[in-house]
Amino acid sequence: MDFLRPASWEEALAAKAEHPAAVPIAGGTDVMVEINFDHRRPEYLMDLNRIGDLYEWEVGAESVRLGASVPYSRIMEHLRAELPGLALASHTVASPQIRNRGGVGGNLGTASPAGDAHPALLAAGAEVEVESVRGARRIPIDDFYTGVKRNALAPDELIRAVHIRKADGPQQFSKVGTRNAMVIAVCAFGLALHPETRTVRTGIGSAAPTPVRAKAAEEFLNAALEEGGFWDNGKIITPSVAKRFADLCAAACNPIDDVRGTAGYRRHAVGVMARRTLTWTWESYRGAHRITEGAA
Amino acid sequence: MPSHKLPAASAQGQPTGVPTRITQGSGTRGGIGESTLRPDGTLKVTGEFAYSSDLWHEDMLWGQILRSTVAHAEIVSIDTSEALATPGVYAVMTYDDLPADVKHYGLEIQDTPVLAHGKVRHHGEPVAIVAADHPETARRAAAKIKVEYRDLPVVTDEASALAPDAVLVHENRDDHHIGHVPHPNIVHRQPIVRGDVAAARRRADVIVEGEYTFGMQDQAFLGPESGLAVPEEDGGVHLYIATQWLHSDLRQIAPVLGLPEDKVRMTLAGVGGAFGGREDLSMQIHACLLALRTGKPVKIVYNRFESFFGHVHRHPAKLFYEHGATRDGKLTHVKCRIVLDGGAYASASPAVVGNASSLGVGPYVVDDVEIEAIALYTNNPPCGAMRGFGAVQACFAYEAQMDKVAKELGLDPVEFRQRNAMEQGTLMPTGQPVDSPAPVAELLRRVKAMPMPPERQWESSEGADVRQLPGGLSNTTHGEGVVRGVGYAVGIKNVGFSEGFDDYSTARVRMEVVGGEPVATVHTAMAEVGQGGVTVHAQIARTELGVAQVTIHPANTQVGSAGSTSASRQTYVTGGAVRNACELVREKVLELGRRRFGPYHPAWATAELLLEGGKVVTDGGEVLADLVDVLGDEAVEVEEEWRHRPTEPFDLRTGQGNGHVQYSFAAHRAVVEVDTELGLVKVVELACAQDVGKALNPLSVVGQIQGGTTQGLGVAVMEEIVVDPKTAKVKNPSFTDYLIPTILDTPTIPVDVLELADEHAPYGLRGVGEAPTLSSTPAVLAAIRDATGLELNRTPVRPEHLTGTV
Amino acid sequence: MRLNFTVNGRPQEADDVWEGESLLYVLRERLGLPGSKNACEQGECGSCTVRLDGVPVCSCLVAAGQAEGREVVTVEGLADFARQRACGTASHGTSLDEARQWQAGGADSRTGEGTELAPVQQAFIDAGAVQCGFCTPGLLVAADEMLERNPNPTDADIREALSGNLCRCTGYEKIMDAVRLAAARQSEGV
């Protein structure tokens, strides 16, 4: 095993081009477990800790450019307003120690369906900025996950940042685990209201081979909200609409039975989380809506 | 390949991290009954306390074990040539390399091969061992050993174990249980028959049946199995090891090494928890074999993955119960059948069967009983000792039954238990009278009388605090679907080794003047695994010998056996041995005093004399002499064995016999909040009342009760080793998927300690460690049933069980 | 590979480090600092918690090479670290009485004489928060860092901050007591 220590992003890209099998390591919270437990012996480990750029974020007009290695604890602390869904998801990641090291780049690189950031990214809308010596490109989050622990990266590419749309409405994130802290998701659900476009987006974790959106549920809800004038009148979403939405979210799952939970439970739990997060976000939207109305 | 730089601190020839004597003084009397602080506390908070995995020796090698990847298979061939040729590898050993005629070990039945011979019987069985100069080298070499397996059918449950064409897990058994078991795949069977169940059944107004399942729990001690074996010049070996019983290890290790016991020296290294999981051997023999083969010190440290294969677990069980009761709330009879899965090797299975059967009815008065408990041999992971064994599984089931009967009768579950509660003088199903206080009804009364935790504590002005709700930080509910439930349970556990076992301990106590002060040194082989035995020994010495300074000598095999740190027995038995040795030392000191000063004061001959505050005083309080003057240059030392009252084996047909020394009782009230839609549970409070006879160290007693309670909580809602029923392979050997409670899963645990002395025990004390683990689990389950209305016949209960999505 | 970094204020060098080694392994096996514990080596127990450039991390998940040039504080250096921090910070927070649910008292251990402890270390001893002690080093590093950030924590804050540290012996109650006690003593300047 060789340990590569690029001092800059350019050096990292060059090293990755030279050794496409090199495994990037930032927080180490996935890679080191595999090494400690003898599951993986990469020829090259490439440390990204020295590349300061990866630890920075910029808040733009439309989106946040989040460096791949910005630790979850910083997202929780500094980006709650701009990225509320991701901040909530970050808070559910493993333990404080892990949140101090791990970042979204690692979640994306590993592309495990259980990664906590995925549902929040899917719901918010994001693009993954990847680069190689051949050039940079942005991969829409919807196209990023290609299979179980597989993503759209080319062998010579590295994840540099994620561009996440700034919240224009309430966002929520829920995750089921069989412990009240430090637990891997049995399944997870992210939901974002986008009042500017009058759309709702979702993200489901650990209930299909890849993180997925519940597109049929989104379409149903978008239509139902539009039809009922809910975005304008700020009324409570009718229980039948919420239930249908929840059922469609559950139907979007393609889960397996494993040691963490049954497929049946995962489907059921995603439905419950979908209904609850819809209620929470909508209540929050209504509250904000009323305040706006009152001010006007 | 990597090499090693030596830590600068190490001295030539001597391992670093060898335990040293700890001297503890006391500003107060520091005797029994006080919450004196741990003598090893400072070392433990500074990181200086050396655990077995911290040991280091110059030139030491690292041992690695190759384990079977299948559960049941013939070994067709093993090829170690490539591993042996790896640079940095010093030795590779298989069964064929074992040096002595004895090649098996075991606590009671020597059925466990040191390295697999001809076949493997469970997933993760040791097949070969490697020693190399770096752990990575050892791992890579082990991976190069080629083992060819030919699969055999797996035995995984009672049906497959006892089927007419069942594969035998052990052919040609010749142990002492084979004569009375109905099938060679049954390790041990214990029936208990008392009274006339058929007649009692006719008196019953209600009869309630239930079938229960208890999952496989892991001890999950945090300090992984580890130790350092150092070869010695006389051809022997010195093993520094984390264990629960040095002399039991020694008895099993020496024959396999082909060495007399005096050439295997053992010193207790720091132990990172045990809970029964260190009663069996793990890496002990392997490290010694490699050290003797290579002539170099060998250290073996399991990682967490290997630890799940490296020790026995708590027996999973199926329990079938029938309870009868009259309309006025009196139990008429209990019938039960308890099937424990012992896995591939016997370990402590016979004793687990003894406990499950003899304690199978619980702390209740029942004159008519029919009980049968068996332990199976299967190809599942071996199971053995874990805190409260046998009694834990039974308590889960009989307490569920008690709730069911109470419900059937329309009685309050606590009231129903109290009406049937045993008391001093009650006969156990074994016919043994309970001859010390058994405050079962009182414990229930106390735990019920504790103030209830406030409702909806998670509500705050800023909304719901998810940390206090089911799901916790995962943000699954802000109060939706959350229902509170309350449940009660009480349990009975035996203390000490039972069924005629010669359960003794040895203590060596020395008193001398050091630096102008009288100092007592206590030397036992007791394994301090965290329970605080060392604290208590110092307290006993202060109480009995009137000194402030006590030195705790490291535990090793240079003194007689202390027995096991298990069965809630150490404070009773080794504490008893220390007190006894102190009393003998005191007599000798007084004798010395009489010789020196007797002629000058008549009280030496006539008064009752005590040692207090470093002086010899009369019971009237008159000071006769300073201990410093009495002792002068002499050291007074006594080593003596001490035994509790003898017990008897249970009759193999009727189960009758005075099999137990002492019983221990605890009761719990659980308050839970369940997210009934998602099936997630938050335990809000887990109150406990326990009788401890006499709290030698109240702070430690409460710590034991809270720790035991939490392990019971774990197996109620999350802890289970999952074994694939088709392959008998373990599916979750990691802390990612074997979950134990975090601090956010653990509620406040108010404890009410009762002290009703047992006149037969030293200071009246009652073993503390296990009883709280029994009743915690059924109390939590009862509370979840109360919240959900579901029947819930298995533990741990998972979200699937609460949401109908299994 | 060669590794240079600072541990508990002292520059350290390790040679021939295998690239797959963790910071935990280097501390324990190469630098003679076994205080950080190896309970799970997968980031699921917190026993190996150290501060890396001030931040609590699981040292089992830091590749040794990633520590190059960094500052590490382990349990062995906690007392020094706390003492240096105390020079110049005033404390405030809950009263001692409020926090005192523990009921230790009684005799003191003279084995601690001559060993200067961080307040949180002393509190763990006094409150009976140590049993087998294997989780203790990681808990101490985590608890000390929390008290540095949040000198006046609620119970829920303590539980959240320590939710990455498993303990199998105590049931956590006495750990809660210890942290409350350390916070109270800190606020009273004891």
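The values are calculated or read from the model by the stated rules, or taken from the named source; none is laboratory data. Just so it is clear, the structure is predicted and the values come from calculations on it, not from any experiment. Glycine also receives a Cβ, built like all others from the backbone with ideal geometry; neighbour counts cover every protein chain displayed.
Descriptive notes on the structure:
- Selection status of B:GLU58, without any contact (Cβ under 8 Å) to a residue 12 or more places away in the chain, farther than 23 Å from B:PRO733 by Cβ, within 14 Å of another protein chain (Cβ to nearest Cβ) and not β-branched (Val, Ile, Thr): no
- Test: residue in the stretch B:632-642 that is assigned to a loop (DSSP other than H, G, I, E, B) and surrounded by 24 or more Cβ atoms within 10 Å (Cβ to Cβ): no
Quick grid of which residues meet (1) assigned to a loop (DSSP other than H, G, I, E, B); (2) not polar (S, T, N, Q):
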residue	(1), (2)
B:ALA199	no, yes
B:GLY210	no, yes
B:THR213	no, no
B:GLN219	yes, no
B:LEU228	no, yes
B:GLY235	yes, yes
B:TYR240	no, yes
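- Residue list for the stretch B:370-399, filter: farther than 13 Å from B:SER347 by Cβ and aliphatic (A, V, I, L, M): B:ILE371, B:ALA373, B:ILE374, B:ALA391, B:VAL392, B:ALA394, B:ALA397
- Residue within the stretch B:7-17 that is at pLDDT 95 or above, closer than 30 Å to C:LEU33 by Cβ and within 14 Å of chain C (Cβ to nearest Cβ) present: no
- Taking the conditions (1) in contact (Cβ under 8 Å) with a residue 24 or more places away in the chain; (2) under 30 Å from B:THR788 (Cα atoms); (3) of a type in the set (Gly, Ala, Ser) in turn, B:GLY533 satisfies each one other than (2).
- Any chance A:PRO211 is crowded, with 19+ Cβ neighbours inside 10 Å, at pLDDT 95 or above and within 12 Å of chain B (Cβ to nearest Cβ): no
- Odd one out for C:MET146, checked against (1) crowded, with 24+ Cβ neighbours inside 10 Å; (2) among the aliphatic types (A, V, I, L, M); (3) within 12 Å of the chain's Cα centre (by Cα): (1)
- Helices (runs of 4 or more DSSP H) fully within the stretch B:330-446 counting 2 or more residues that are surrounded by fewer than 22 Cβ atoms within 10 Å (Cβ to Cβ): B:391-409, B:413-420
- Selection within the stretch B:750-772 - part of a loop (DSSP other than H, G, I, E, B) and within 15 Å of B:GLN706 (Cα to Cα): B:PRO750, B:GLY767, B:VAL768, B:GLY769, B:GLU770
- The one condition in (1) more than 9 Å from chain B (Cβ to nearest Cβ); (2) modelled with pLDDT of 95 or more that C:ALA90 fails to fulfil: (2)
- Taking each residue of the stretch C:73-94 that is charged (D, E, K, R) and looking for partners that are in a strand (DSSP E or B) and at pLDDT 50 or above with beta-carbon atoms closer than 9 Å, six or more apart or interchain, yields C:GLU76/C:VAL7; C:ASP80/C:VAL73.
- Top-ranked residue in the stretch B:156-167 [being more than 14 Å from B:VAL181 (Cα to Cα) and over 27 Å from the mean Cα position of the chain (by Cα); ranked as surrounded by the most Cβ atoms within 10 Å (Cβ to Cβ)]: B:SER160
- Restricting the search to helices (runs of 4 or more DSSP H) fully inside the stretch A:7-122 and requiring at least 1 residues that are more than 21 Å from the chain's Cα centre (by Cα) and in contact (Cβ under 8 Å) with a residue 12 or more places away in the chain gives A:9-18.
- Inside the stretch C:59-69, residues that are out of contact with any Asp or Glu (no Cβ under 9 Å at 6 or more places or on another chain) and at the interface with another protein chain (Cβ under 8 Å from one of its Cβ atoms) make up a count of 1.
- Hits in the stretch B:33-50 - residues which are in contact with a Ser or Thr (Cβ under 8 Å, 6 or more places away or on another chain) and crowded, with 24+ Cβ neighbours inside 10 Å: B:THR36, B:LEU37, B:ARG38, B:PRO39, B:ASP40, B:GLY41, B:THR42, B:LYS44, B:VAL45, B:GLY47
- Residue ID - farthest from B:LEU678 (Cα to Cα), chosen from residues in the stretch A:151-175 that are surrounded by fewer than 21 Cβ atoms within 10 Å (Cβ to Cβ) and more than 15 Å from the chain's Cα centre (by Cα): A:ASP156
- Set side by side, the residues B:ASP786, B:ASP745 differ, and just one is part of a loop (DSSP other than H, G, I, E, B) and touching a residue at least 60 places away in the same chain (Cβ under 8 Å), which is B:ASP745.
- The stretch A:214-234, subset more than 23 Å from A:PRO140 (Cα to Cα) and in contact with a helix residue (DSSP H, G or I) (Cβ under 8 Å, 6 or more places away or on another chain), residue modelled with the lowest pLDDT: A:GLY234
- Within the stretch C:103-125, restricting attention to residues that are at pLDDT 95 or above and at the interface with chain B (Cβ under 7 Å from one of its Cβ atoms), the residue that is surrounded by the most Cβ atoms within 10 Å (Cβ to Cβ) is C:GLN121.
- Hits in the stretch B:127-142 - residues which are surrounded by 24 or more Cβ atoms within 10 Å (Cβ to Cβ) and not aliphatic (A, V, I, L, M): B:THR137
- Test: residue in the stretch B:710-721 that is free of Cβ contacts under 8 Å to residues at least 40 places away in the same chain, more than 21 Å from B:ALA666 (Cβ to Cβ) and either within 14 Å of chain C (Cβ to nearest Cβ) or not in a helix (DSSP H, G or I) (or both): no
Here is a yes/no grid of residues against (1) more than 13 Å from chain A (Cβ to nearest Cβ); (2) buried (at least 22 other Cβ atoms within 10 Å of the Cβ); (3) in a helix (DSSP H, G or I); (4) without any contact (Cβ under 8 Å) to a residue 40 or more places away in the chain:
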{"site": "C:GLY128", "(1), (2), (3), (4)": "yes, yes, no, no"}
{"site": "C:LEU139", "(1), (2), (3), (4)": "no, yes, yes, no"}
{"site": "C:ASP157", "(1), (2), (3), (4)": "no, no, yes, yes"}
{"site": "C:THR170", "(1), (2), (3), (4)": "yes, yes, no, no"}
{"site": "C:LYS174", "(1), (2), (3), (4)": "yes, yes, yes, no"}
{"site": "C:SER187", "(1), (2), (3), (4)": "yes, no, yes, no"}
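A quick yes/no check of all residues on (1) closer than 29 Å to B:GLY708 by Cα; (2) touching a residue at least 12 places away in the same chain (Cβ under 8 Å); (3) under 20 Å from the mean Cα position of the chain (by Cα); (4) not assigned by TED's automatic domain parsing to the domain that holds B:ARG766:
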position: B:THR565; (1), (2), (3), (4): yes, yes, yes, yes
position: B:SER568; (1), (2), (3), (4): yes, yes, yes, yes
position: B:THR571; (1), (2), (3), (4): yes, yes, yes, yes
position: B:VAL578; (1), (2), (3), (4): yes, yes, no, yes
position: B:CYS582; (1), (2), (3), (4): no, yes, no, yes
position: B:GLY593; (1), (2), (3), (4): no, yes, no, yes
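- Residues within the stretch C:28-58 that are facing chain B (nearest Cβ under 10 Å), over 19 Å from A:ASP47 (Cα atoms) and either within 13 Å of the chain's Cα centre (by Cα) or not acidic (Asp, Glu) (or both), tallied: 15
- Note on the stretch B:643-668: residues that are buried (at least 24 other Cβ atoms within 10 Å of the Cβ) and part of a strand (DSSP E or B) total 7.
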